[in-house]
2 protein chains.
Amino acid sequence: MNNDKITKRDVDFAKWYTDICKVADLVDYSSMKGSMIIRPYGYAIWENMVSVLDKKFKELGHMNVQMPMFIPESLLQVEKNHVNGFVPEVAWVTHGGENELEERICVRPTSEVLFCDHFKKIISSYRDLPILYNQWCTIVRWEKTTRPFLRSREILWQEGHTMHETEEEAREETLRMLKVYEDFQREYLAMPVLVGKKTDKEKFAGAEETYTIEAMMYNGVALQNATSHYFGQGFAKAFDIKYLDKNNELKTPYQTSWGCTTRMIGGLIMTHSDDLGLVLPPMIAPYKISIIPIKLEDDILDVVNELKKKLDKENITYIVDDSNKSAGYKFANAEVKGYPIRIEIGKKDLQDKKVTLVRRDTLEKMQIDINDCINMIKKLLIDIQNNLYNRALKRRESLTYNLYKYDELKSLLTADGGFAYVNWCGNVECENKIKDDFGLKSRCIPLDDNKVDGPCICCNKKATTKIYFGKQY
Amino acid sequence: MNNDKITKRDVDFAKWYTDICKVADLVDYSSMKGSMIIRPYGYAIWENMVSVLDKKFKELGHMNVQMPMFIPESLLQVEKNHVNGFVPEVAWVTHGGENELEERICVRPTSEVLFCDHFKKIISSYRDLPILYNQWCTIVRWEKTTRPFLRSREILWQEGHTMHETEEEAREETLRMLKVYEDFQREYLAMPVLVGKKTDKEKFAGAEETYTIEAMMYNGVALQNATSHYFGQGFAKAFDIKYLDKNNELKTPYQTSWGCTTRMIGGLIMTHSDDLGLVLPPMIAPYKISIIPIKLEDDILDVVNELKKKLDKENITYIVDDSNKSAGYKFANAEVKGYPIRIEIGKKDLQDKKVTLVRRDTLEKMQIDINDCINMIKKLLIDIQNNLYNRALKRRESLTYNLYKYDELKSLLTADGGFAYVNWCGNVECENKIKDDFGLKSRCIPLDDNKVDGPCICCNKKATTKIYFGKQY
């Protein structure tokens, strides 16, 4: 059984996670250290994510483009904060064929400078604005320790880059795209994410403000699952990008960028999965249904075919396991793969014109009339999606603590971890002290319901905001 | 007018081509020499190509995966023919962050070795076969001279990699995928391509046989527009990939790979476009219709909105030019962009309840009753697609010469070039001599209707096959 190869979640969460990635055939390791192979089942999840998000981006007027994957060193250095943030972790190409390059080039760790270099050429009038671009590509960051989907030398992602006439428009865009990520993660990934602003210490290199989607994993650790940056005019000024406004005056435009990555697959796994394997929310699962004929006999296979036709008609994706493995093996495999519903079709069931449905989230079994099967499946898919969301929300709430005393932060240093919701003065000294003393990093400053109810948890001086702290991936 | 910026096709074909790429907003150059930026309109053409091909690949059972973009030098060297073919043109990464790497790594020029490295791990039984994988990604080849879409240091492409139990199955797959490319290019790109086998001299490094799709550009030059390779067991043996067959005996599987790139966009342009700009076949055009209100007045805009609704209903893509530019400018721009049909809506037309349709391929104008508009559009889109195909076919036929005497090959060295269809003995010496004497390379050995009708055009000895020669991009 493949289930046996999965370490128990409560015994070793990190090992449990990598076991699931491997045993559910999501990834494989390669001879290229630090990079991963995304296998068909893992890639199908990513394709579903891409398809939903790409449609949403386009509905909002964004267009896809493709920039070079290489950045000459001199170009990377145009914006100083930016280059300092990235240089320690870029891969450098020094030779093309047998010749040493005159200037070394890096493999893009992100593409702000490439977009700005292009924007300078194509923006001249207010008529050219807004520019709403997006790019699906891979980026490289030379990480020392890597984990599938979470931290890899090569990352599949999407990066939006936009330019606007006014600060107001650019700020609106920043928050609009943050909302796209939030909605997507809530509705499709069943992840009850927190939304907020990063502190100055944690913001993106070169950004004025970074907004973030923070999810809590089952073990109480935080995962930053998407970000949206307001750049103001920093890059535009560094690249000397200007446009003539309606009054024929030269102005500098305002900029945003926003991105999400295959890391969301890691988030999915660590939010919903269990000791038996992957658990996928129906809205993002490549196959919503797994059909398992208990024996490969004609009357059973007839029902399988009948079911397939009905599911096709309803556009419900499925996979049939008609291998000659034992029923027990097939059930276990369906659990490992996290198909939301399993349909078992056996002799006994058929005598009563029934089939057995099993929910992956609760493992609840039910015998259903064959003719009611499709209606029950439609209902269950909604139920499972909601249940996964609510279960994760409850878990997050149970692991989020309103703390007021500095020493209480210690309580987060248990196996379950969790978030501390605290009052903060806004000074980086306190933020640093909390990190040094407890290993907790600031997650985000909530945008709503941000009511200070006490002094700074660290320095006891006047607090200016509420903020979440937690351990992070 | 943007038209004015396009060099005449008959004056300087190469300049005409790059002018169109630039003026139609398909690409831009970047600070990264040798790489191009694919702009939204160019990328939308690629997205259409991807969407059609990806669907077809999946219907045939292929699954998408993602391999690392880096290949350690030692891995690249496992198959000797392969590495010798690619080493002169790879980009080498030597530093990660501030540290020199222990082993340098190249950015993938193609991914055979990465797939084989993975296949070795996941193939153990005949039950694991066939493996039908595909990857959409970018590759890097450090070309010295580059041209948009045709030859670039970074290329967007797709690469299929499959493994099979038998030689027969692998050979079938090789030809099946060749047919997919052929059908796609004929049906969607309206390109009358030749299909055939490459000579040993021209085949892919490491392949036993390479099959090719060869298109003739308007100027008579050949473009290799997709390839499909039969590898036999070469890579499998080099990587020691084995499987247990049904009789429990260890066997070596048979392999294929096949790919096509954004080069097809270059092919599209050089096949159909003209002095006024791009001409896109309706089946691949991002916008099939351009709607141009001659004046931005209410009664005209009402008709625009009415038309938009009807086109939406029919799933016909369109773009509306409601800028305040002059009508003449808008017409010229629609021609530059190659929208298959332009609808002009003016005051005069409307008095008679008519609109004017203009075909991009022939520039023919017609006044149509508003109510007949959609039906006429549907008919015209088919007509245009067919006309472009037939026009290109006629051009190719008129520039293809059945030659029997060596000196006649000289006749191809004119501005129009073209293909020579000749008898060949099969020896590389003759192939090399033709290249040295005339700069003509072998294009392909046709798979059908390959009837020798004379001695080898070069050595006059017994010919074993017909073959096409031509200048190439």
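The values are calculated or read from the model by the stated rules, or taken from the named source; none is laboratory data. Everything numeric here is computed off the predicted structure, so don't read it as measured data. Quick reminder, even Gly has a Cβ in these numbers, built from the backbone with ideal geometry, and neighbours come from all protein chains shown.
With respect to A:Gly160, is the statement that it is in contact (Cβ under 8 Å) with a residue 40 or more places away in the chain, within 30 Å of A:Arg395 (Cβ to Cβ) and small (Gly, Ala, Ser) true? Write out each step before concluding.
Values: in contact (Cβ under 8 Å) with a residue 40 or more places away in the chain: yes; within 30 Å of A:Arg395 (Cβ to Cβ): no; small (Gly, Ala, Ser): yes.
Considered against the rule, which asks whether it is in contact (Cβ under 8 Å) with a residue 40 or more places away in the chain, within 30 Å of A:Arg395 (Cβ to Cβ) and small (Gly, Ala, Ser), A:Gly160 comes out as no.
Take region A:6-31 and flag every residue that is away from chain B (no Cβ under 14 Å), among the hydroxyl-bearing types (Ser, Thr, Tyr) and either over 11 Å from A:Phe149 (Cα atoms) or part of a loop (DSSP other than H, G, I, E, B) (or both).
Correct list: A:Thr7 only.
Within region A:48-57, take every residue that is surrounded by fewer than 17 Cβ atoms within 10 Å (Cβ to Cβ) and either of a type outside the set (Val, Ile, Thr) or not assigned by TED's automatic domain parsing to the domain that holds A:Val23 (or both) and give me the one that is nearest to B:Phe115 (Cα to Cα).
A:Ser51
Taking the conditions exactly as written (part of a strand (DSSP E or B) and either among the aliphatic types (A, V, I, L, M) or over 24 Å from the mean Cα position of the chain (by Cα) (or both)), does A:Ala420 satisfy them or not? Walk me through how you get there before you give the answer.
Values: part of a strand (DSSP E or B): yes; either among the aliphatic types (A, V, I, L, M) or over 24 Å from the mean Cα position of the chain (by Cα) (or both): yes.
Considered against the rule, which asks whether it is part of a strand (DSSP E or B) and either among the aliphatic types (A, V, I, L, M) or over 24 Å from the mean Cα position of the chain (by Cα) (or both), A:Ala420 comes out as yes.
Quick check: anything in region A:90-107 under 16 Å from A:Phe204 (Cβ atoms) and either surrounded by fewer than 22 Cβ atoms within 10 Å (Cβ to Cβ) or charged (D, E, K, R) (or both)?
Step one: filter region A:90-107 for residues under 16 Å from A:Phe204 (Cβ atoms), giving A:90.
Imposing the further condition that a residue be either surrounded by fewer than 22 Cβ atoms within 10 Å (Cβ to Cβ) or charged (D, E, K, R) (or both) reduces the set to none.
Checking region A:90-107: not a single residue is under 16 Å from A:Phe204 (Cβ atoms) and either surrounded by fewer than 22 Cβ atoms within 10 Å (Cβ to Cβ) or charged (D, E, K, R) (or both).
A quick yes/no check of all residues on (1) of a type outside the set (Lys, Arg); (2) assigned to a strand (DSSP E or B); (3) at pLDDT 95 or above; (4) not assigned by TED's automatic domain parsing to the domain that holds A:Asn423:
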position: A:Trp136; (1), (2), (3), (4): yes, yes, yes, yes
position: A:Lys144; (1), (2), (3), (4): no, no, no, yes
position: A:Arg171; (1), (2), (3), (4): no, no, yes, yes
position: A:Leu178; (1), (2), (3), (4): yes, no, yes, yes
position: A:Asp183; (1), (2), (3), (4): yes, no, yes, yes
position: A:Met191; (1), (2), (3), (4): yes, no, yes, yes
position: A:Thr199; (1), (2), (3), (4): yes, no, yes, yes
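Counting only residues that are surrounded by fewer than 16 Cβ atoms within 10 Å (Cβ to Cβ) and out of contact with any Lys or Arg (no Cβ under 7 Å at 6 or more places or on another chain), which one in region B:366-375 is farthest from B:Asn315 (Cα to Cα)? Show your work before the answer.
Applying the first criterion (surrounded by fewer than 16 Cβ atoms within 10 Å (Cβ to Cβ)) to region B:366-375 yields B:366-367, B:369, B:371-372, B:375.
Going one step further and asking which of them are out of contact with any Lys or Arg (no Cβ under 7 Å at 6 or more places or on another chain), we end up with B:366, B:371-372, B:375.
Values: B:Met366: 23, B:Asn371: 17, B:Asp372: 17, B:Asn375: 13 Å.
Step by step, filter region B:366-375, then rank; the result is B:Met366.
Considering every residue within region A:369-380, establish whether at least one is among the acidic types (Asp, Glu), assigned to a strand (DSSP E or B) and over 24 Å from A:Asn48 (Cα atoms).
From region A:369-380, those among the acidic types (Asp, Glu) are A:369, A:372; that's our starting set.
Pick out the ones that are also assigned to a strand (DSSP E or B) and you get A:369.
Filter again for over 24 Å from A:Asn48 (Cα atoms), leaving A:369.
The answer is yes; a qualifying residue exists.
Give the residues of region B:288-315 that are modelled with pLDDT of 95 or more, farther than 19 Å from B:Asp369 by Cα and not charged (D, E, K, R), sorted by residue number.
B:Asn315
What are the residue pairs meeting all of these: first residue in region A:8-31, first residue at pLDDT below 95, second residue crowded, with 20+ Cβ neighbours inside 10 Å and of a type outside the set (A, V, I, L, M), Cβ atoms under 6 Å, and 6 or more apart or on different chains?
A:Ser30/B:Pro68; A:Ser31/B:Pro72; A:Ser31/B:Asp117
Residues that are surrounded by fewer than 18 Cβ atoms within 10 Å (Cβ to Cβ), in contact (Cβ under 8 Å) with a residue 12 or more places away in the chain and among the aromatic types (Phe, Trp, Tyr): does region B:394-414 have at least one?
Yes, there is a match, as at least one residue in region B:394-414 is surrounded by fewer than 18 Cβ atoms within 10 Å (Cβ to Cβ), in contact (Cβ under 8 Å) with a residue 12 or more places away in the chain and among the aromatic types (Phe, Trp, Tyr).
Against the condition within 13 Å of another protein chain (Cβ to nearest Cβ), over 30 Å from B:Tyr29 (Cβ atoms) and touching a helix residue (DSSP H, G or I) at 6+ places or on another chain (Cβ under 8 Å), how does B:Cys116 come out, does it pass?
Details: within 13 Å of another protein chain (Cβ to nearest Cβ): yes; over 30 Å from B:Tyr29 (Cβ atoms): yes; touching a helix residue (DSSP H, G or I) at 6+ places or on another chain (Cβ under 8 Å): yes.
The answer is yes for B:Cys116.
Any residue that is within 9 Å of another protein chain (Cβ to nearest Cβ) and not small (Gly, Ala, Ser) - is there at least one of those in region B:167-180? Steps first, please.
Initially, region B:167-180 is screened for residues within 9 Å of another protein chain (Cβ to nearest Cβ), giving none.
Checked against the condition, which is being within 9 Å of another protein chain (Cβ to nearest Cβ) and not small (Gly, Ala, Ser), region B:167-180 yields no hits at all.
Cβ-Cβ under 6 Å, sequence separation 6+ or interchain: first residue in region B:367-387 and of a type in the set (D, E, K, R), partner at pLDDT 95 or above and in a helix (DSSP H, G or I). Which pairs?
Every condition considered, no pair remains.
One residue is enough: does region A:32-49 have a residue meeting the conditions basic (Lys, Arg), facing chain B (nearest Cβ under 8 Å) and touching a helix residue (DSSP H, G or I) at 6+ places or on another chain (Cβ under 9 Å)?
Yes, region A:32-49 contains a residue that is basic (Lys, Arg), facing chain B (nearest Cβ under 8 Å) and touching a helix residue (DSSP H, G or I) at 6+ places or on another chain (Cβ under 9 Å).
Do we find a residue being at pLDDT below 95, part of a helix (DSSP H, G or I), over 28 Å from A:Lys288 (Cα atoms) and not small (Gly, Ala, Ser) anywhere in region A:410-417?
Taking region A:410-417 first, the residues at pLDDT below 95 are A:410-417.
So of that shortlist, the ones also part of a helix (DSSP H, G or I) come out as A:410-412.
Those still in the list that are over 28 Å from A:Lys288 (Cα atoms) too: A:410-412.
After this cut, where a residue has to be not small (Gly, Ala, Ser) as well, the list is A:410, A:412.
Yes, because at least one residue in region A:410-417 is at pLDDT below 95, part of a helix (DSSP H, G or I), over 28 Å from A:Lys288 (Cα atoms) and not small (Gly, Ala, Ser).
Name, by its number, the condition in (1) under 13 Å from the mean Cα position of the chain (by Cα); (2) surrounded by fewer than 21 Cβ atoms within 10 Å (Cβ to Cβ); (3) over 20 Å from B:Asp448 (Cβ atoms) that does not hold for B:Glu182.
(3)
Check B:Gln158 against each of (1) crowded, with 23+ Cβ neighbours inside 10 Å; (2) in a strand (DSSP E or B); (3) not aromatic (Phe, Trp, Tyr) and name the one condition it does not meet.
For B:Gln158, the failing item is (1).
How many of the residues making up region A:210-264 are in a strand (DSSP E or B) and over 17 Å from the mean Cα position of the chain (by Cα)?
As a first pass, look at region A:210-264 and keep what is in a strand (DSSP E or B): A:210-216, A:222-232, A:243-244, A:250-251, A:254-261.
Checking the rest, the ones that are also over 17 Å from the mean Cα position of the chain (by Cα) come to A:230-232, A:243-244, A:250-251, A:254-256.
So the count comes out to 10.
A quick yes/no check of all residues on (1) touching a strand residue (DSSP E or B) at 6+ places or on another chain (Cβ under 9 Å); (2) closer than 30 Å to B:Arg141 by Cα; (3) buried (at least 20 other Cβ atoms within 10 Å of the Cβ):
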| residue | (1), (2), (3) |
| --- | --- |
| A:Lys8 | no, no, no |
| A:Lys22 | yes, no, no |
| A:Leu26 | yes, yes, yes |
| A:Gly34 | yes, yes, yes |
| A:Trp46 | yes, yes, yes |
| A:Glu59 | no, no, no |
| A:Val78 | no, yes, no |
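Do we have A:Arg151 as away from chain B (no Cβ under 13 Å) and modelled with pLDDT under 95 here?
The answer is yes for A:Arg151.
Taking the condition of being more than 15 Å from the chain's Cα centre (by Cα) and in contact (Cβ under 8 Å) with a residue 12 or more places away in the chain, how many residues in region B:139-153 meet it? Quick ask: steps written out before the conclusion?
Step one: list which residues in region B:139-153 are more than 15 Å from the chain's Cα centre (by Cα), which gives B:139-146, B:153.
Those left that are additionally in contact (Cβ under 8 Å) with a residue 12 or more places away in the chain: B:139-143, B:146, B:153.
The total comes to 7.
Just wondering, is there one or more residues in region A:316-331 that are assigned to a strand (DSSP E or B) and either in the same structural domain as A:Leu129 (by TED's automatic domain parsing) or of a type in the set (Ser, Thr, Tyr) (or both)? Step through it out loud before you land on a result.
So the first thing to find is which residues in region A:316-331 are assigned to a strand (DSSP E or B), and the list is A:318-320.
Going one step further and asking which of them are either in the same structural domain as A:Leu129 (by TED's automatic domain parsing) or of a type in the set (Ser, Thr, Tyr) (or both), we end up with A:318.
Within region A:316-331, one or more residues are assigned to a strand (DSSP E or B) and either in the same structural domain as A:Leu129 (by TED's automatic domain parsing) or of a type in the set (Ser, Thr, Tyr) (or both).
For A:Lys121, only one of the following conditions fails: (1) under 24 Å from B:Trp46 (Cα atoms); (2) not in a helix (DSSP H, G or I). What is its number?
(2)
Taking the criterion of being in contact with a helix residue (DSSP H, G or I) (Cβ under 9 Å, 6 or more places away or on another chain), assigned to a loop (DSSP other than H, G, I, E, B) and either more than 9 Å from chain B (Cβ to nearest Cβ) or modelled with pLDDT under 95 (or both), would at least one residue in region A:66-75 satisfy it?
no
If A:Val355 satisfies every condition in (1) modelled with pLDDT of 95 or more; (2) under 24 Å from A:Ala44 (Cα atoms); (3) out of contact with any Ser or Thr (no Cβ under 7 Å at 6 or more places or on another chain); (4) not in a helix (DSSP H, G or I) but one, which is the exception?
The one condition A:Val355 does not meet is (2).
Out of all the residues in region B:76-105, which are part of a loop (DSSP other than H, G, I, E, B), at the interface with chain A (Cβ under 9 Å from one of its Cβ atoms) and among the aliphatic types (A, V, I, L, M)?
B:Val90
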